[in-house]
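The values are calculated or read from the model by the stated rules, or taken from the named source; none is laboratory data. Keep in mind it's a predicted model, so treat the numbers as computed, not measured. Counting neighbours? That spans all protein chains shown, and the Cβs are built from the backbone with ideal geometry, glycine included.
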Amino acid sequence: MSIGPELASTSQLMKIASDYGFELSLSEAEEYQEMLTGTIKSYRRLDTIPERKLPVKYPRTPGWRPTAEENPLNGWYYRCEIQGAKEGILAGESVAVKDVVCVAGVPMMNGSKLLEGYVPDVDATIVTRMLDAGATIAGKANCEDFSFSAGGMTCSTGPVGNPWKPDHNPGASSSGSAALLGTGQVNMAIGGDQGGSIRLPAALSGCYGLKPTYGLVPYTGCAMIETTLDHIGPMANSTRDVARLLTAIAGFDADDPRQLGRISPTYRVNYMEHLERGAKGLKIAVLKEGFKQDNSEWGQRSSEAEVDECVFAAISKLRDMGATVEEVSIPMHLEALHMWNAIAVEGANAFMLNGFGMGSNWQGWYNTGLGEALARGLKTHAHDMPPTVRSVLIQGEYMRRFYNGRYYGKAQNQRHLVNAAYDAVLAEYDVIACPTTPARATKMVGRDASPLETVSNALDQLRNTVVANLTGHPSMSVPCGVRDGLPIGLMLTSKHFDDATLLRASAALESAGDWKKF
């Protein structure tokens, strides 16, 4: 029985040539087939050499599918109980992990039927770090299908409900993490963020969520979407628990190319040390462009007066506690959405869908098992993709075929403008403040909604959050009030690798009292 790839037939080679716009005669195809013979033999040798895997340090059982009683908002995909070290900063804590994170022996779907049946054989770096810090991994939290939604309705195991109003969007794609926090089933969770997927559910479901500085937390062993936008980070029911979780998972990992040149191998910070410093002395820049937005032209929700008023009131509390508060203008803030669109749509299409979640041309640890599972799913379950995923596939492929990646490259070349504009303000201020989302949670559309309705409902709250994914600045959503039974989030953004200041400001606001009564 042969090992590895099979030798291509001449008809397969002729089809490949035709797809690239040139023709091969049969005799030419036979010559290329002969050339390929040596390459195939070389490839087969790779199957005889051991492949390095990420370590699995702690014993576990396969876990279980939660019952309906255990899962009132469909926040869980799978339950487990993997106990870590007996001591550590997370000792005694159960953590829910977004189902984009590999946990060895526990099924993983990334919210999609395309990955149904996939069981990782590795622990993501952050999973090992949490277990080393004493945590218990309590299970995998549901997420949107391939994380391509900020709503809550596209998860293949069913929609995830909002803890405040179950028929409303909880925010996504880390929807399950927010739902589990909101129902008190865990106090800590892991989320992922490429366009706001930690901060959006934090704001719309009423918890704390931090998108760390780009490269601060290793992404190794997590399902990738677009390597220049990928972030993984902590969500919790208190600032202190966000700080504890970040302390456990942050730091250098040589397997993650996002960190190279950005973070020292010896970088370690105890983020809890910054929680008691209070608001006095903080310089807060209130971002004019984050408020009073008319986003109708771009398919985004426009600002609600209740949200703006609530966020202004929270900022005023920080001013009353000794912070300096001044309004600033960053016009490039409103241009970021357009750059992000090109990078996210074309990048995700190339890397995650056509690149089978691995892509190429980067040096680090490749999850080949996940890649193989995704390739199988794309062949057998493409009809199960929701409109959000199909939209990325169709639009990204159209731009690739007819515009040759020009706009992806242009957006990558332009993103420094947004970064520089933010850096200029942060040279004078400690944090930039605005609403996390311009509007509160909306009612969820049904599974029978049209593609346009589904995509619109899924991606209409991104205007403020996508900016920090472009710039890499740390950005945090802090709950700051409730209006008409729905929570509202204040978004704070600070200098690169100054995540601690966000936690300081968040802790100060939290100390002002119960945010639900603001």
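Can you name the condition, by its number, that LEU393 falls short on among (1) under 30 Å from LYS288 (Cβ atoms); (2) crowded, with 17+ Cβ neighbours inside 10 Å?
(1) is the only condition that LEU393 fails.
Being among the small types (Gly, Ala, Ser) and part of a helix (DSSP H, G or I) is the filter here, so list the residues in segment 375-424 that pass it.
Going through segment 375-424, the residues among the small types (Gly, Ala, Ser) turn out to be 375, 377, 382, 391, 396, 405, 409, 411, 420-421, 424.
Across segment 375-424, the qualifying residues are ALA375, GLY377, ALA382, SER391, GLY396, GLY409, ALA411, ALA420, ALA421, ALA424.
Residue by residue, here is whether (1) in a loop (DSSP other than H, G, I, E, B); (2) assigned by TED's automatic domain parsing to the domain that holds VAL392; (3) of a type in the set (Lys, Arg); (4) surrounded by fewer than 23 Cβ atoms within 10 Å (Cβ to Cβ) holds:
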site	(1), (2), (3), (4)
ASP121	yes, yes, no, yes
LYS165	yes, yes, yes, yes
GLY184	yes, yes, no, yes
ILE190	no, yes, no, no
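If the requirement is being over 18 Å from LYS165 (Cβ atoms), in contact (Cβ under 8 Å) with a residue 40 or more places away in the chain and in contact with an Asp or Glu (Cβ under 6 Å, 6 or more places away or on another chain), which of these qualifies: THR493, THR501?
Selected residue: THR501, the only one of THR493, THR501 that is over 18 Å from LYS165 (Cβ atoms), in contact (Cβ under 8 Å) with a residue 40 or more places away in the chain and in contact with an Asp or Glu (Cβ under 6 Å, 6 or more places away or on another chain).
How many of the residues in segment 310-342 are in contact (Cβ under 8 Å) with a residue 40 or more places away in the chain, exposed (fewer than 14 other Cβ atoms within 10 Å of the Cβ) and farther than 30 Å from GLY405 by Cβ?
Selection size over segment 310-342: 4.
Assuming GLU31 fulfils every condition listed in (1) under 29 Å from LEU378 (Cβ atoms); (2) free of Cβ contacts under 8 Å to residues at least 24 places away in the same chain; (3) part of a helix (DSSP H, G or I) apart from one, which condition is it?
(1)
Pick out the one residue from SER173, SER205, SER197 that is on the phi < 0 side of the Ramachandran plot, without any contact (Cβ under 8 Å) to a residue 60 or more places away in the chain, polar (S, T, N, Q) and crowded, with 24+ Cβ neighbours inside 10 Å.
SER197
Please tell me if ILE232 is among the β-branched types (Val, Ile, Thr) and closer than 30 Å to PRO331 by Cα. Please lay out each step first, then the result.
Details: among the β-branched types (Val, Ile, Thr): yes; closer than 30 Å to PRO331 by Cα: yes.
Answer is yes for this residue.
Taking segment 288-314 as the region of interest, how many residues are under 13 Å from ARG463 (Cα atoms) and out of contact with any strand residue (DSSP E or B) (no Cβ under 7 Å at 6 or more places or on another chain)?
Let us first name the residues in segment 288-314 that are under 13 Å from ARG463 (Cα atoms), namely 289-303.
Restricting the remaining residues to those that are out of contact with any strand residue (DSSP E or B) (no Cβ under 7 Å at 6 or more places or on another chain) gives 289, 292-303.
So the count comes out to 13.
Any residue that is touching a strand residue (DSSP E or B) at 6+ places or on another chain (Cβ under 7 Å), part of a loop (DSSP other than H, G, I, E, B), at pLDDT 95 or above and not β-branched (Val, Ile, Thr) - is there at least one of those in segment 467-482?
yes
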